[in-house]
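Everything below concerns the one structure shown next.
Values quoted throughout were computed directly from the atomic coordinates according to the rules given, and no laboratory measurement underlies them. Everything numeric in this text was worked out from a predicted model, so none of it was measured. Ideal geometry is used to build each Cβ from the backbone, glycine not excepted, and the neighbour counts take in all protein chains shown.
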Amino acid sequence: MTEQDFILKSYNTNIENGSVKWSSPSNIALVKYWGKKEHQIPENPSISFTLSDCKTITEVTYTKKESKDFSFDVYFEGEKNEAFKPKIQTFFERIETYMPFLRDYHFKIDTSNTFPHSSGIASSASGMSAIALCLMSIEQELTNTVTSSAVEKSDFNQKASFIARLGSGSACRSIEGELVVWGQNESTESSDLYGVKFEGEVHSNFKNYQDTILLVDKGEKQVSSTVGHKLMYGHPFAKERFAQAHENLAKLKTILASGDLNAFVKIVESEALTLHAMMMTSMPYFILMKPNTLEIINKIWKFREENNSNVCFTLDAGANVHVLYPESEKETVLNFIKKELTKYCQNEHYICDQIGLGANLIRL
Ligand code: PMV
């Protein structure tokens with residue numbers, strides 16, 4: 001599909017009100033997206049595991065109005081929230097070409113997360129994808145369409161991902177599971193405009209892959225990812241980094257098919273450290289890892305060596321550590337985490353999650 005195909009041409013203006021509700025998960029990138037062009041187009045391809053339990057649940061209620069300004073209220077965990085409004089205003093401005101009905105209704109956006117607030121977990125992916133899906137369901141109501149066939153479902157998911165991307169880049173990878181690719185590349189079916197479910201072969205070693213998130217620092221990040229992406233403009237290593245992401249995605253495709261966990265660990269950890277190396281070598285430079293992030297990484301390496309394990313780590317743009325491991329190692333790795341790693345977490349707090357299947361419609 002092209003951008004033109006996502007423009008809604010006509011809709012029923014007689015519907016007075018309604019409400020829809022979706023839950024949408026977070027995702028964790030294996031090959032990282034870091035650096036973007038205008039209109040949220042990624043500089044390099046990325047691939048992620050969709051998570052199962054870390055989700056945002058959003059209900060959008062819409063009521064017909066006369067004025068043509070955007071009008072919306074945001075509630076977070078039951079309380080009116082003004083802090084989220086500017087981000088949603090920008091989001092509406094970016095997507096109104098594709099969803100012209102946004103000016104016809106007042107929206108009440110009621111949202112909550114299954115993971116604790118201020119856990120330092122990126123909620124923009126689950127948050128923005130959940131709103132995008134609610135708006136897609138409203139679009140369906142206004143056009144009296146249903147998604148029953150596989151083609152209709154795929155078109156729905158594609159536009160939902162396209163809209164989510166305009167809210168937050170990585171959000172476009174949260175619509176479906178279990179693995180999603182975003183960004184044009186030669187190894188997989190893909191697009192810069194939306195995430196595409198990875199349809200390559202996936203070995204049973206990756207079935208129910210585990211992700212335990214160690215909450216090292218629950219505070220607000222000192223540098224937002226919006227700023228971080230911008231610092232890739234004119235970054236001395238940008239060209240090499242973008243080329244490397246293409247290579248790593250190609251390698252990962254082979255690894256996912258063969259089930260070679262040793263090779264998987266190498267790509268995933270190298271990607272995490274490269275992401276942070278980009279931050280440390282931009283101008284201005286910054287560090288999001290904390291001393292406890294490094295303590296955890298070293299303990300994971302030691303445990304892996306001593307126990308012939310396949311546990312590994314990845315990081316997103318923060319200090320928290322995602323510990324990834326096969327389901328077959330669930331018991332031993334969880335014991336290790338409880339015994340040796342939780343002491344490095346804020347209030348010993350961690351979240352157990354695993355690879356998931358994508359967003360769910362709760363109510364139309
Ligand atoms: O979606 P954004 O703009 O918050 O960027 C997120 C980027 C990383 O989480 C660091 C990597 C990724 O691919 O998710």
Legend entry - Karplus-derived HN-Hα couplings along the stretch 315-320 (A = 6.51, B = -1.76, C = 1.60, θ = phi - 60°), whole Hz, x at Gly and Pro: 10, 10, 7, x, 8, 5
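Rounded, prolate or oblate: which one fits the stretch 153-271, using the alpha carbon gyration tensor with axes a ≥ b ≥ c (rounded when a/c is under 1.5, else prolate when a/b beats b/c, else oblate)?
Working: a/c = 1.31, a/b = 1.14, b/c = 1.15.
Rounded, since a/c falls under 1.5.
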Inset, instruction - Only Lys, Arg, Asp and Glu count, each charged at its Cβ (+1, +1, -1, -1), so figure out the dipole size of the chain about its Cα centre, rounded to 20 debye. - result: 520
Legend entry - Phi-based couplings in Hz for the stretch 251-265 (Karplus 6.51, -1.76, 1.60; Gly and Pro marked x): 5, 4, 4, 5, 5, 4, 6, 7, x, 6, 5, 4, 5, 4, 4
Inset, instruction - Determine by what factor the alpha-carbon radius of gyration of the chain differs from 2.2 N^0.38 Å, reporting the quotient. - result: 0.98
Legend entry - Cα centre as origin, Lys/Arg/Asp/Glu Cβ charges: the stretch 212-354 dipole, Debye: 300
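Based on the mean of other beta carbon atoms within 10 Å per residue, what is the order of 12-18, 286-292, most packed first?
Highest-to-lowest ranking by the protection proxy: 286-292, 12-18.
With a 10 Å radius around each residue's Cβ, average the other Cβ atoms per peptide and rank 310-316, 218-224, 107-113, highest first. Can you show the working numbers first?
Details: 310-316: 22.0, 218-224: 13.3, 107-113: 19.6.
For the peptides 310-316, 218-224, 107-113, the packing ranking is 310-316, 107-113, 218-224.
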Inset, instruction - Could you run the Debye sum over the Cα atoms of the stretch 283-332, one equal point scatterer each and no solvent, and tell me log10 of I(q)/I(0) at q = 0.16, 0.18, 0.25 Å⁻¹, two decimals? - result: -0.51, -0.62, -0.96
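Can you pull out the GluC sites (Glu not before Pro) in the stretch 113-167 whose DSSP state is coil and whose Cβ has at most 14 other Cβ atoms within 10 Å? All intermediate terms of the calculation are to be shown ahead of the outcome.
Numbers: sites: Glu139, Glu141, Glu152; in loops: none.
Answer by residue number: there is no such site.
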Inset, instruction - Would you work out which of Ile255, Leu193, Ser123 lies farthest towards the positive end of the dipole of the chain, given +1 charges on the beta-carbon of Lys and Arg and -1 on that of Asp and Glu, about the Cα centre? - result: Ser123
Legend entry - Rounded to 10°, Cα long-axis angle of helix 291-307 versus longest principal axis of the chain: 60
Inset, instruction - Name the shape class, rounded, prolate or oblate, that the alpha-carbon gyration tensor gives for the stretch 212-354, where a ≥ b ≥ c are the square roots of its eigenvalues, rounded holds for a/c under 1.5, and otherwise prolate holds if a/b is larger than b/c and oblate otherwise. - result: oblate
